[in-house]
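Undergrad: The structure under discussion is supplied below as structure tokens; questions concerning it will follow.
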Amino acid sequence: MGEARHQLLPRLGDDPAREYRLGIMGGTFDPIHYGHLVTAEQAREALDLDLVLFMPAGSPAFKQGQKVTSAEERYAMTVLATAANPAFYASRFEIDRPGVTYTVDTLRELRAHYPENVHLYFITGADAIIDIVSWHDAADIARLATLIAATRPGYDIGQAQTRIHESGIDFDVRYIQIPALAISSTNIRERVAVGKSVRYLTSESVIGYIGKNGLYAGGSDTGDREIDDSDGKGGA
């Protein structure tokens with residue numbers, strides 16, 4: 001990576017005597033909402049993460065040909081939503097990279113950038129974990145990062161565990177329960193399109209940005225899963 005790419009990432013790993021833990025929260029964030037924020041905060045607390053890096057996808061692999069809000073607007077909403085938490089860091093790292101966004105490419109660049117005492121934790125939804133064995137270069141994802149799988153209370157993780165076991169890929173997955181996962185970006189877009197309130201689904205700053213910029217007024221034709229679509233970057 002060039003120097004300009006380095007500047008898109010927070011500084012971490014300076015003390016060689018300790019281990020650092022960097023959480024990576026990927027997704028389209030169209031828009032970012034409280035489900036993402038609560039998940040990131042609970043993952044940070046549960047796994048003792050030093051920082052959580054929010055990375056809006058530039059050109060999500062699984063949304064090729066679908067309508068997606070511009071990367072700049074999704075990044076702006078991510079900055080607004082995460083600004084109040086000193087452990088959250090919104091990055092342009094992916095939106096400034098040309099081409100289709102794959103999780104494995106991001107993890108490879110992060111691994112090359114940070115020293116070995118920085119451990120990578122990729123945060124996604126449990127539904128995505130079921131599909132992760134088919135993601136682009138899935139074995140490399142397993143080698144590069146620990147996975148944090150966010151689930152709803154009562155979610156049966158057995159299917160995900162079976163799928164991963166049968167793949168033969170050595171994924172390290174930590175499961176955490178997140179009550180706020182009933183919130184989805186799709187529902188927010190649909191509510192905005194018909195003039196319904198989205199208060200308490202996402203931050204007031206994001207709601208203000210959506211209104212000021214007229215986002216989602218024309219309806220939505222995209223879908224998402226438990227945590228928006230953080231799984232979308234991994235598709236083949």
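The values are calculated or read from the model by the stated rules, or taken from the named source; none is laboratory data. The structure displayed is predicted, hence computed values, not measured ones. Counting neighbours? That spans all protein chains shown, and the Cβs are built from the backbone with ideal geometry, glycine included.
Undergrad: Give the residue, chosen from THR82, THR39, THR78, THR69, that is closer than 27 Å to GLY208 by Cβ, out of contact with any strand residue (DSSP E or B) (no Cβ under 9 Å at 6 or more places or on another chain) and touching a residue at least 24 places away in the same chain (Cβ under 8 Å).
TA: One residue alone meets the criteria, THR69.
Undergrad: Turning to a different aspect of this structure: Can you spot a residue in region 95-103 that is farther than 22 Å from TYR34 by Cβ and outside any loop (DSSP other than H, G, I, E, B)?
TA: yes
Undergrad: Could you list, ordered by first residue, the pairs with Cβ atoms under 8 Å in which the first is in region 188-216 and within 18 Å of ALA81 (Cα to Cα) and the second is surrounded by 13 or more Cβ atoms within 10 Å (Cβ to Cβ) and among the basic types (Lys, Arg), at least 6 apart or interchain?
TA: SER197/ARG191; VAL198/ARG191; LEU201/ARG191; TYR216/ARG189
Undergrad: Identify, from the list ARG143, ARG152, the residue that is more than 29 Å from ALA112 (Cα to Cα) and out of contact with any Ser or Thr (no Cβ under 7 Å at 6 or more places or on another chain).
TA: Only one candidate qualifies: ARG152.
Undergrad: Can I ask one more? Where residues in region 62-92 are of a type in the set (Lys, Arg) and not in a loop (DSSP other than H, G, I, E, B), which of them is farthest from ILE207 (Cα to Cα)?
TA: In this case the residue turns out to be LYS63.
Undergrad: Only one of these is in a helix (DSSP H, G or I), over 20 Å from ARG163 (Cβ atoms) and of a type outside the set (S, T, N, Q): ALA112, ALA142, ALA128. Name it.
TA: So the residue among ALA112, ALA142, ALA128 that is in a helix (DSSP H, G or I), over 20 Å from ARG163 (Cβ atoms) and of a type outside the set (S, T, N, Q) is ALA112.
Undergrad: Would you be able to say whether some residue in region 52-61 is within 21 Å of SER203 (Cα to Cα), surrounded by fewer than 17 Cβ atoms within 10 Å (Cβ to Cβ) and at pLDDT 95 or above?
TA: No, every residue in region 52-61 fails to be within 21 Å of SER203 (Cα to Cα), surrounded by fewer than 17 Cβ atoms within 10 Å (Cβ to Cβ) and at pLDDT 95 or above.
Undergrad: For the condition in contact with a His (Cβ under 8 Å, 6 or more places away or on another chain), modelled with pLDDT of 90 or more and among the polar types (S, T, N, Q), what is the one hit in SER185, SER205?
TA: SER185
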